[in-house]
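Only one structure is covered here, and it is reproduced in the block below.
The values are calculated or read from the model by the stated rules, or taken from the named source; none is laboratory data. From a predicted model like this one, the values you see are computed outputs, not experimental measurements. Using ideal geometry, Cβ is built from the backbone for each residue, glycine included, and neighbour counts are taken over all protein chains shown.
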Amino acid sequence: MSAQYQSGLGIEHPYSHQIMIGSIVFFFITWLLDTFLVQLFVDLRNGVPLIIRIFLFVVTVGFSFILMNTSQKKIFSQSKGQEGLVSDGVYALVRHPLYLSIPVLYLAFTFLSFSVLSLLSIIVIFYFFNKMVEFEEKELVNILGDVYSDYMIRVPRWIPRLSAINELIFLSNDN
């Protein structure tokens with residue numbers, strides 16, 4: 001299978017769609033099995049009140065959808081008028097907010113059931129996402145050169161720096 005080129009966006013990993021669909025299937029099968037059948041560490045689940053688990057679930061789902069929505073809006077609204085690197089907004093926090101939103105969504109379900117197997121599956125999924133991103137970043141360096149290399153130095157791949165979060169919050173409040 002060949003890599004797919006998206007105008008202005010770079011080259012996708014040749015198996016990106018399979019990785020995404022596979023992650024959904026793998027996670028939810030694992031989550032369902034552990035939540036309803038295997039029930040590892042059920043004492044841990046029972047030790048955390050349902051209202052707290054629901055609260056963690058709602059907050060994490062909300063965060064995931066904010067990442068998804070803002071990254072999609074940013075990339076597709078900006079790419080209509082011009083090609084090049086998008087490095088502001090949520091892209092100033094992490095380099096791959098859309099990809100990050102998916103394991104964060106899975107984490108929400110893990111909070112709901114406190115499924116240990118689901119947490120382990122997220123780690124496996126994250127490994128494959130990281131490999132996918134490594135491929136795509138190499139291609140972006142080939143396409144954008146030093147612009148993307150400098151961006152990689154300034155902005156972390158997955159975990160935002162606290163200083164960047166504060167800066168984004170305070171700058172958005174000033175507008």
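Residue 90 falls short of the stated requirement of being in a helix (DSSP H, G or I) and either surrounded by fewer than 17 Cβ atoms within 10 Å (Cβ to Cβ) or at pLDDT 95 or above (or both). Restricting attention to the stretch 40-66, the residues that are farther than 13 Å from residue 112 by Cβ and assigned to a loop (DSSP other than H, G, I, E, B) add up to 2. Within the stretch 138-152, the residues that satisfy the criterion of being in a helix (DSSP H, G or I) and free of Cβ contacts under 8 Å to residues at least 60 places away in the same chain are 138, 141, 142, 146, 149, 150, 152.
Within the stretch 72-82, can one find any residue that is free of Cβ contacts under 8 Å to residues at least 40 places away in the same chain, in a helix (DSSP H, G or I) and under 20 Å from residue 130 (Cα atoms)? Yes, the stretch 72-82 contains at least one residue that is free of Cβ contacts under 8 Å to residues at least 40 places away in the same chain, in a helix (DSSP H, G or I) and under 20 Å from residue 130 (Cα atoms). On the stretch given as the stretch 101-137, residues that are part of a helix (DSSP H, G or I), among the polar types (S, T, N, Q), over 14 Å from the mean Cα position of the chain (by Cα) and buried (at least 20 other Cβ atoms within 10 Å of the Cβ) total 3.
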